[in-house]
Amino acid sequence: MATGAKNAKSQALAARVPHDAIEEMDAVKYDNESTANFIVTAIRGEIARRQLSGGAESALLLARDALIRIEEIGAKAGEDIQQLVSVARTELQRRAPKSDAAED
């Protein structure tokens, strides 16, 4: 009984491949390697390569996200610095000699 092109573990594909590509594949396949095994390995390798490179659009989105995060961190750091400066001023005023008040 035929199961069709798709089952729980795999899907059959039909593709036209140039003769020279088939000949090159046959020349480099391992002795006990099936054509299907070679193609699956090649597909997985290409998927991994593309995921790593991400493409130009993905790189731009990652760069944009990084710049947004840098802006957020910089703004927070600026607020924290202003708060530290304010605390330092308050402490300096509190610890300042009371000579002016004693002269009155």
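Quick look at the values:
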| quantity | calculated |
| --- | --- |
| Neighbours by Cβ (under 9 Å, 6+ apart or cross-chain): first from the range 12-34, touching a residue at least 12 places away in the same chain (Cβ under 8 Å); second in a loop (DSSP other than H, G, I, E, B) | 25/17 |
| Condition broken by residue 92, with the remaining ones in (1) surrounded by 10 or more Cβ atoms within 10 Å (Cβ to Cβ); (2) assigned to a helix (DSSP H, G or I) satisfied | (1) |
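Table: residues versus (1) surrounded by fewer than 10 Cβ atoms within 10 Å (Cβ to Cβ); (2) at pLDDT 95 or above; (3) assigned to a helix (DSSP H, G or I); (4) in contact with a Ser or Thr (Cβ under 9 Å, 6 or more places away or on another chain).
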site: 1; (1), (2), (3), (4): yes, no, no, no
site: 4; (1), (2), (3), (4): yes, no, no, no
site: 16; (1), (2), (3), (4): yes, yes, no, no
site: 26; (1), (2), (3), (4): no, yes, yes, yes
site: 45; (1), (2), (3), (4): no, no, yes, no
site: 56; (1), (2), (3), (4): yes, no, yes, no
site: 59; (1), (2), (3), (4): no, no, yes, yes
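The values are calculated or read from the model by the stated rules, or taken from the named source; none is laboratory data. Bear in mind that the values here come from a model prediction, so they are computed numbers and not experimental data. Methodologically, a virtual Cβ is constructed for each residue, glycine included, from the backbone with ideal geometry; neighbour enumeration extends over all protein chains shown.
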